[in-house]
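A quick write-up on the structure given underneath.
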Amino acid sequence: MSTGNLLFDRQLARWYPLKDHPVQLALIAAVLQGIRFPLVPAGRRSGKTERFKRFLVKQAFAYAGMYFAAAPTHAQAKKIFWDDLKAFTLSCMHSRRPSESDLIIYLDNGSEIHVIGLDKPQRIEGIPWTGGGIDEFADIKSDAWEANILPALNTVNPTMPDYRAWCWLLGVPDGLNHYYDLCAQAESGTDPNFRVFHWKSAEILPPDVITAMKRAMSDKQFKQEFEASFETASGRIYEDYSKANHTGELILPHEQLMWMHDQNFTPLSSAIGVRRDASIYLLDEIVLTSAVSKQSALEFVEKYKDHKNKHVLIYGDPAGRAGEKHGHASDYTDIEGVLKANGWSYTRKVKPAAPAIKDRQNAVRAKIRSADGALSLFINPATAKWCDKGLSTVQFEKGSTFQEDQKNKYQHITTAIGYCIDVEWPSVKNGTTVAPLRM
């Protein structure tokens with residue numbers, strides 16, 4: 001029923017009913033039962049952050065104190081929490097307006113809710129907190145919990161000497177990192193302050209959404225994102241790549257070529273493929289030692305001088321565009337100059353900025369083998385040996401969950417492949433597909 005106050009009605013509508021789930025209901029009761037640090041590695045879009053926002057607001061109304069909602073960066077925290085917390089607290093009715101610059105909501109009972117970015121973990125220090133929560137906990141700095149966050153939560157409020165602040169730790173797993181360590185500690189039962197509350201997205205989301213995500217994601221990424229499974233990040237980056245992705249196919253004269261680059265001095269690596277329906281076939285490559293892009297282009301036009309379709313799609317590292325705005329030739333203008341001089345037309349499909357490494361890797365993984373078992377990336381190991389070797393052998397840098405081993409010379413061509421796939425079949429993030437680049 002409308003109250004006649006449009007903004008109040010809009011904020012009040014944010015309190016729509018949620019689907020009950022037994023683990024979520026147990027989570028809501030956890031703090032009141034003495035569990036200071038509920039760990040919530042639950043699936044994407046399954047309600048964990050929504051439950052936290054509501055719990056935080058109810059606690060702030062019930063018990064006057066200082067509360068926080070945090071995320072790995074200031075921008076993330078504002079995007080995740082700010083508008084919703086203003087709505088949930090019915091901020092339009094407060095006697096003191098929220099601070100848009102400091103991201104603080106002031107309740108009439110004296111409570112404050114601070115929205116905090118932990119890119120500078122010390123931001124959480126210096127305030128006697130009553131309670132709060134951190135979303136995307138796996139992405140905060142690995143030492144922030146012990147060095148900054150836990151000491152801040154253990155700071156004693158002189159007016160409440162026996163009180164200890166609580167904090168929900170929410171997110172999806174990201175390798176066997178600090179979030180995994182805390183969850184393992186909680187599962188061991190050695191510290192009653194910690195407990196894990198886990199559920200899968202399929203327990204909340206409709207089956208057709210889960211099916212769509214399985215189709216779009218690699219098996220590893222799906223398990224991590226939608227089943228909140230701690231997938232190991234050790235070993236091969238593209239561990240699902242196998243002989244099942246091999247083909248004996250060759251490029252046909254009428255097919256439009258997809259030429260993908262990593263602008264590295266040596267080896268200067270580029271892969272050549274074609275699209276067939278929703279699949280990519282990597283069927284050729286040009287790999288040169290101590291070369292520049294113009295030399296790669298000369299190799300290309302000679303190799304494909306008899307190819308009938310003289311229009312090529314160009315993909316690659318955005319860093320290769322350097323120099324254009326200063327009037328100097330870039331890698332791509334050098335390549336395109338050779339193409340034009342030899343009767344080729346082209347479409348440059350290079351993004352303004354490089355994709356996140358994880359997004360590029362996940363996009364490739366999903367083409368190699370999606371979570372529903374579909375294969376849509378194929379390589380001819382006889383004609384594209386570096387492509388095959390790269391996807392078979394490139395590993396993570398020791399100790400990293402995403403950085404590629406720079407000592408493996410084949411990682412340049414897998415990076416080139418990733419630039420193309422990121423444009424044509426971008427990775428799925430947080431349950432939504434990033435729109436492909438259109439030229």
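What the table below lists for this structure:
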| read-out | value |
| --- | --- |
| Of all residues making up the stretch 237-256, the number that are aromatic (Phe, Trp, Tyr) and surrounded by fewer than 13 Cβ atoms within 10 Å (Cβ to Cβ) | 0 |
| Within the stretch 259-292, considering residues that are surrounded by fewer than 18 Cβ atoms within 10 Å (Cβ to Cβ) and not in a loop (DSSP other than H, G, I, E, B), the one farthest from the chain's Cα centre (by Cα) | LEU288 |
| Condition met for LYS349 (over 21 Å from SER218 (Cα atoms) and among the charged types (D, E, K, R)) | yes |
| The listed residue being open to solvent by 60 Å² or more (accessible area, probe 1.4 Å) and part of a loop (DSSP other than H, G, I, E, B), out of ARG195, ARG164 | ARG164 |
| So GLN256, is it under 29 Å from the mean Cα position of the chain (by Cα) and of a type in the set (S, T, N, Q) | no |
| Hits in the stretch 319-351 - residues which are assigned to a loop (DSSP other than H, G, I, E, B), at pLDDT 90 or above and open to solvent by 70 Å² or more (accessible area, probe 1.4 Å) | ASN342 |
| Options ARG10, ARG14; residue that is open to solvent by less than 80 Å² (accessible area, probe 1.4 Å) and either outside any strand (DSSP E or B) or of a type outside the set (D, E, K, R) (or both) | ARG14 |
| Residue count, the stretch 238-257 (criterion: within 25 Å of ALA319 (Cβ to Cβ) and in contact with a helix residue (DSSP H, G or I) (Cβ under 6 Å, 6 or more places away or on another chain)) | 1 |
| Qualifying residue in the stretch 226-244 (condition: basic (Lys, Arg), assigned to a strand (DSSP E or B), closer than 26 Å to LYS398 by Cα and in contact (Cβ under 8 Å) with a residue 24 or more places away in the chain) | yes |
| Conditions (1) charged (D, E, K, R); (2) closer than 27 Å to PHE52 by Cα; (3) touching a residue at least 40 places away in the same chain (Cβ under 8 Å): number failed by ARG215 | (2) |
| All positions within the stretch 387-419 that are hydrophobic (A, V, I, L, M, F, W, C), open to solvent by less than 20 Å² (accessible area, probe 1.4 Å) and either touching a helix residue (DSSP H, G or I) at 6+ places or on another chain (Cβ under 7 Å) or assigned to a loop (DSSP other than H, G, I, E, B) (or both) | CYS387, LEU391, VAL394, ILE413, ILE417 |
| Candidate set from the stretch 352-374 (those that are in a loop (DSSP other than H, G, I, E, B) and within 17 Å of GLN411 (Cβ to Cβ)); member that is least open to solvent (accessible area, probe 1.4 Å) | PRO355 |
| Where a residue in the stretch 368-380 is among the small types (Gly, Ala, Ser) and its partner, wherever it lies, is open to solvent by 30 Å² or more (accessible area, probe 1.4 Å) and not in a loop (DSSP other than H, G, I, E, B), with Cβ under 6 Å and at least six apart | SER370/ARG215; ALA371/LYS214; ALA371/ASP219 |
| Unmet requirement for PHE300, which otherwise passes all of (1) touching a Phe, Trp or Tyr at 6+ places or on another chain (Cβ under 8 Å); (2) open to solvent by 70 Å² or more (accessible area, probe 1.4 Å); (3) outside any loop (DSSP other than H, G, I, E, B) | (2) |
| Residue count for the stretch 156-192, restricted to those that are modelled with pLDDT of 85 or more and of a type in the set (Val, Ile, Thr) | 1 |
| Residue match in the stretch 30-49 (condition: polar (S, T, N, Q), part of a helix (DSSP H, G or I) and under 30 Å from GLY189 (Cβ atoms)) | yes |
| Residue list for the stretch 26-42, filter: in contact with a helix residue (DSSP H, G or I) (Cβ under 7 Å, 6 or more places away or on another chain) and free of Cβ contacts under 8 Å to residues at least 60 places away in the same chain | ILE28 |
| The one condition in (1) modelled with pLDDT of 95 or more; (2) in contact with a helix residue (DSSP H, G or I) (Cβ under 6 Å, 6 or more places away or on another chain); (3) closer than 26 Å to ALA278 by Cβ that ALA354 fails to fulfil | (1) |
| Positions within the stretch 100-146 being open to solvent by 30 Å² or more (accessible area, probe 1.4 Å), within 22 Å of CYS183 (Cα to Cα) and not in a loop (DSSP other than H, G, I, E, B), in sequence order | ASP139, GLU146 |
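The values are calculated or read from the model by the stated rules, or taken from the named source; none is laboratory data. Quick caveat, the model's predicted, so the values are computed rather than measured. Every residue, glycine among them, receives a Cβ derived from its backbone with ideal geometry; neighbour counts consider all protein chains shown. Please note that ligands, DNA and RNA were not included when accessible areas were found on the heavy atoms of the full protein model with its side chains. Shrake-Rupley method; radii C 1.70, N 1.55, O 1.52, S 1.80 Å.
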